[in-house]
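Accompanying notes for the structure given below.
The values are calculated or read from the model by the stated rules, or taken from the named source; none is laboratory data. Computed from a predicted model, the values in this text were never measured in an experiment. Note: ideal-geometry Cβ built from the backbone for every residue, glycine included; neighbour counts use all protein chains shown. For the accessible areas, the whole protein counts, side chains as well, though only heavy atoms, and no ligand, DNA or RNA atoms are used. Shrake-Rupley method; radii C 1.70, N 1.55, O 1.52, S 1.80 Å.
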Amino acid sequence: MIIRIGYELQLEFRQPTPVVFMLNVHSSRLSDLVAPDEMVITPSIPRRFYFDLFGNPCVRMLAPAGLLTVAADTTIRDSGQPEPWPIDLPAAGVEALPDEALHFLMPSRYCEVEQLSDFAWETFGSLPHGWAQVKAILDWCKSNIEFGYKYARHTKTALDTFTERQGVCRDFMHLAITFCRCLNIPARYATGYLGDIGVPIVPCPMDFSAFFEVYLGDRWWAMDARHNAQRIGRVLQARGRDAADVALVTSFGPHRLTKFFVRTDEVG
């Protein structure tokens with residue numbers, strides 16, 4: 001399967017402002033690209049590429065005052081198969097986890113492990129340690145949290161979502177991540193492209209999509225607490241502890257977003 005992916009963002013700055021974009025396809029998918037994933041910047045200004053602490057590709061620049069447009073349009077190969085689930089896989093004990101996974105057991109800005117630990121153990125703790133608990137968490141989030149764009153706010157945490165029982169995709173992921181960490185299952189936040197491939201088309205503008213990854217067996221697995229389904233054509237851009245680590249745009253000064261367009265279409 002070939003998927004066309006891309007975006008166009010236009011931002012308005014009051015004054016010259018340092019800015020970091022995290023919009024490129026993740027390095028783990030570079031070999032799948034049919035055409036280069038190049039950011040086109042208008043007006044043309046110098047930029048510098050680097051990898052952050054989590055290995056995410058980033059582009060930094062000094063945006064001039066006025067309008068700045070960043071865009072990309074490329075294609076990528078995908079298996080066309082539903083993403084695998086680690087059905088019946090156990091979770092390793094904390095003592096057996098790789099060192100780099102321990103970081104994703106800890107509380108983070110949007111994931112208050114301590115405050116939700118008692119509920120997580122009371123609700124999911126009696127299940128076999130591993131996939132059974134993860135699937136129960138996915139089912140609980142799908143059944144108990146109402147999705148709606150009107151519920152979005154950038155300060156909402158997992159505890160807020162748990163209390164309010166409402167949220168957008170990132171809120172579903174933060175809550176599921178927090179429950180997993182409570183149960184000593186490493187979980188990390190991720191973002192990327194996800195089109196309506198193999199599912200009914202949603203009559204809403206396309207957006208980037210949040211998901212999360214859990215460590216079971218000896219590897220990481222993609223999970224989606226909002227859809228609670230194995231999706232087709234997910235393309236990773238970035239991953240971190242929570243949404244604070246994978247902001248699409250980080251500007252060190254005020255700006256206004258004047259255009260936002262994302263494309264994810266199956267083309268072959």
Of the residues in segment 3-56, those that are within 23 Å of Asp196 (Cβ to Cβ), surrounded by 12 or more Cβ atoms within 10 Å (Cβ to Cβ) and among the small types (Gly, Ala, Ser) come to Gly6
Here the residues within segment 172-198 that are within 18 Å of Thr123 (Cβ to Cβ) and of a type in the set (D, E, K, R) are Arg181
Among strands (runs of 3 or more DSSP E) completely within segment 154-268, the ones holding 2 or more residues that are of a type in the set (A, V, I, L, M, F, W, C) are 187-193, 209-216, 219-223, 235-240, 255-266
Scanning segment 157-167 for residues that are in contact with a strand residue (DSSP E or B) (Cβ under 8 Å, 6 or more places away or on another chain), touching a residue at least 40 places away in the same chain (Cβ under 8 Å) and not hydroxyl-bearing (Ser, Thr, Tyr) gives Ala158
All-but-one check, Leu62 against (1) in a loop (DSSP other than H, G, I, E, B); (2) surrounded by fewer than 17 Cβ atoms within 10 Å (Cβ to Cβ), failing number (1)
Taking first residues from segment 100-121 that are among the polar types (S, T, N, Q) and second residues anywhere that are crowded, with 17+ Cβ neighbours inside 10 Å, the pairs with Cβ under 6 Å that are 6 or more apart or on different chains are Ser108/Arg241; Ser108/Asp242; Gln115/Leu159; Ser117/Cys182
Within segment 133-149, the residues that are open to solvent by 70 Å² or more (accessible area, probe 1.4 Å) and modelled with pLDDT of 95 or more are Lys142, Ser143, Glu146
Picking from Leu216, Leu175, Leu194, the residue that is crowded, with 21+ Cβ neighbours inside 10 Å, over 16 Å from the mean Cα position of the chain (by Cα) and either among the hydrophobic types (A, V, I, L, M, F, W, C) or more than 30 Å from Asp99 (Cβ to Cβ) (or both) would be Leu216
